[in-house]
Amino acid sequence: MSGPRLKNADKRFVWHPYTQMKDWQQDDNKVIVRGEGFYLIDSEGRRYLDGTASMWCNVWGHGPNEVVEAMREQLNILQHSTLFGLASGPSVKLAEKLVKLAKGMDRVFYTDNGSTAIEVALKMALQYWRNMGKPRKEFVSLERGYHGDTAGAMSVGYIKQFFSVYRPILKKVHRIPSPLLYGSKFDSERDLVEHCLEQTEKTLRKLRGRCAAVVMESGAQIAGGVVIYPGRYQKKISKLCEKHDTLLILDEIATGFGRLGNMTEYVAQRSRPDIVCFGKALTAGYFPLAVTLAKSEIYDAFLGRYSENRHFYHGHTFTGHPVGCAAALANLELYEKRNLMQQIKANSQYLESRMCEFEEIGTVADVRQKGLLAGIELERNGKPLLYLKKERLGQFVARESLKMGVHLRALGNIMVLIPPLAIDKNNLKTLLDTHMELAKKAEKL
Ligand SMILES: Cc1ncc(COP(=O)(O)O)c(C=O)c1O
């Protein structure tokens, strides 16, 4: 069965994200109509291994399973009701579960996507200090950070190429270095980390009494170039935040729930955030839902009489959608039932054991991997390999991978391996082999 055909559907009306629509070949466009296991199936019946985990969020692949069943059941009982002034069964149960899972966190605020979970975190931090009678307006974030595409998220996760045009609506943020050894002036991770910490401390000293929070991805930066944090780096940043009495906001939207081999990365990193954001894999990628978790010290500062205006002014129509919460609950149960973290550990080891094969390809300049995340950085004549002849590496990878029956997207000059979290070994092998073949092809062009 190839799924519904789309003979009469006109594809021109969709404006695609991060896409130059002038280059968009209407005839070439693949329209995905169905999913089966780890494969996406287009309107012509062709199958593609979901090598991007459908934008880094898919856990179980595609098709019916317990999560889908829970969503169906929830749709039969209650399709949607608001959290403004009311609770819903799934939102209550999920919050309890998340608080148990996320050590040190006491309350859960729901949103619809990762970007707005970050907006919530930033607003919470600002208002926390205001409510404490010590207003603070500055934020510190990492170079190469990415936190989403809404205004606050773009401000703290500023990537020049993406966001410079939107500067009029962005807030100026203080940057600290990202701990990437490759391309840095340092020979050892130790020296690099020391430098990053020194710069962070210098910035926090300069902002004494003015910094609302340090914002960073937890465990690794992905969109900014697959930067895996060296051991103890995050823990030390966390300590600096405590020392300089500023909040730490950790973004686990892309790195939590097993992506780096740990259920909660900030716990594995032995860091102590005040606010943590989760999204993406939270619902196995089946429903747009994200959360911002806060410690009780933050939450308590929002309590008071209405007239004091201490309460949090944030909420969306679909905040804490019951179908999304039901999906997340079933997803977390399935993690336990299928012992997913064990499987991720085994697959991570396999991935690690094969990463060295890339180093034999002439254009591969650096290989970085942790858990089920890997980045293969390409370079030619000492410069990032962004173009192959006149074509961007990203376009080449997207087109050629589809021809090979795999869907992939590169990040600038970096090929990124980020499979569905429950991928089986055979499909992981296919994914690795596809990357290898593409890297070899790119070398020859
Ligand atoms: C670390 C990180 N934070 C936030 C976001 C934004 O999430 P969303 O795309 O759901 O808005 C992303 C998306 O890729 C991300 O990687």
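The values are calculated or read from the model by the stated rules, or taken from the named source; none is laboratory data. Predicted, not measured: the structure shown is a model, and the values here were computed from it. Every residue, glycine among them, receives a Cβ derived from its backbone with ideal geometry; neighbour counts consider all protein chains shown. Only protein heavy atoms, including side chains, enter the accessible area calculation; ligands, DNA and RNA are left aside. Shrake-Rupley method; radii C 1.70, N 1.55, O 1.52, S 1.80 Å.
Does the range 73-88 contain any residue that is touching a Ser or Thr at 6+ places or on another chain (Cβ under 9 Å), open to solvent by 50 Å² or more (accessible area, probe 1.4 Å) and within 30 Å of residue 226 (Cα to Cα)?
No - not one qualifying residue is present in the range 73-88.
Mind listing just one residue for me: the one in the range 42-58 that is open to solvent by 40 Å² or more (accessible area, probe 1.4 Å) and away from the ligand (no atom under 16 Å from the Cβ) and, of those, modelled with the lowest pLDDT?
Among them, the one singled out is 44.
Among what's in the range 205-229 and is open to solvent by less than 10 Å² (accessible area, probe 1.4 Å) and more than 13 Å from the ligand (Cβ to nearest atom), pick the residue that is nearest to residue 131 (Cα to Cα).
Looking at residues that are open to solvent by less than 10 Å² (accessible area, probe 1.4 Å) and more than 13 Å from the ligand (Cβ to nearest atom), I get 212.
With the checklist (1) away from the ligand (no atom under 16 Å from the Cβ); (2) at pLDDT 95 or above; (3) open to solvent by 10 Å² or more (accessible area, probe 1.4 Å) in hand, flag the one item residue 160 doesn't pass.
It fails just one condition, (2).
Give the residue, chosen from 119, 138, that is under 20 Å from residue 209 (Cβ atoms) and open to solvent by 10 Å² or more (accessible area, probe 1.4 Å).
138 is the lone residue from the list that is under 20 Å from residue 209 (Cβ atoms) and open to solvent by 10 Å² or more (accessible area, probe 1.4 Å).
Assess whether residue 284 counts as being crowded, with 19+ Cβ neighbours inside 10 Å, within 29 Å of residue 371 (Cβ to Cβ), small (Gly, Ala, Ser) and assigned by TED's automatic domain parsing to the domain that holds residue 216.
Judged against the criteria, residue 284 is a match.
Within the range 307-318, can one find any residue that is on the phi < 0 side of the Ramachandran plot, crowded, with 18+ Cβ neighbours inside 10 Å and out of contact with any Asp or Glu (no Cβ under 6 Å at 6 or more places or on another chain)?
no
Here are the criteria: (1) part of a helix (DSSP H, G or I); (2) buried (at least 21 other Cβ atoms within 10 Å of the Cβ). Tell me which single one residue 375 does not satisfy.
Going through (1) part of a helix (DSSP H, G or I); (2) buried (at least 21 other Cβ atoms within 10 Å of the Cβ) one by one, residue 375 breaks only (1).
Could you tell me whether residue 25 is assigned to a loop (DSSP other than H, G, I, E, B), modelled with pLDDT of 95 or more and of a type in the set (S, T, N, Q)?
Criteria not met by residue 25.
Would you tally the residues in the range 227-239 being outside any helix (DSSP H, G or I) and in contact with a Pro (Cβ under 7 Å, 6 or more places away or on another chain)?
3
Can you tell me which residue among 56, 15 is without any contact (Cβ under 8 Å) to a residue 24 or more places away in the chain and assigned by TED's automatic domain parsing to the domain that holds residue 411?
Answer to the selection: 15.
Tell me whether the range 90-99 contains one or more residues that are of a type outside the set (Val, Ile, Thr) and either over 18 Å from residue 283 (Cα atoms) or within 16 Å of the ligand (Cβ to nearest atom) (or both).
Within the range 90-99 (the criterion being of a type outside the set (Val, Ile, Thr) and either over 18 Å from residue 283 (Cα atoms) or within 16 Å of the ligand (Cβ to nearest atom) (or both)), the answer is no, since none of the residues qualifies.
Hey, residue 39 hits all of (1) assigned by TED's automatic domain parsing to the domain that holds residue 421; (2) open to solvent by less than 30 Å² (accessible area, probe 1.4 Å) but one; which does it fall short on?
Looking at each condition in turn, residue 39 falls short on (2).
Can you work out which of the residues in the range 178-204 that are outside any helix (DSSP H, G or I) and out of contact with any strand residue (DSSP E or B) (no Cβ under 6 Å at 6 or more places or on another chain) is surrounded by the most Cβ atoms within 10 Å (Cβ to Cβ)?
Per the stated criteria, the residue is 179.
Consider the range 321-358. How many of its residues are assigned to a loop (DSSP other than H, G, I, E, B) and among the β-branched types (Val, Ile, Thr)?
Selection size over the range 321-358: 0.
Mind checking which residues of the range 101-139 are touching a residue at least 60 places away in the same chain (Cβ under 8 Å) and among the charged types (D, E, K, R)?
103, 106, 107, 112, 119, 123, 134, 136, 137, 138
Go through the range 399-425 and report how many residues are surrounded by 16 or more Cβ atoms within 10 Å (Cβ to Cβ), assigned to a helix (DSSP H, G or I) and within 24 Å of the chain's Cα centre (by Cα).
Selection size over the range 399-425: 2.
For the range 92-113, name all the residues that are in contact with a strand residue (DSSP E or B) (Cβ under 7 Å, 6 or more places away or on another chain) and open to solvent by less than 20 Å² (accessible area, probe 1.4 Å).
Answer for the range 92-113, where residues must be in contact with a strand residue (DSSP E or B) (Cβ under 7 Å, 6 or more places away or on another chain) and open to solvent by less than 20 Å² (accessible area, probe 1.4 Å): 98, 102, 105, 110, 111.
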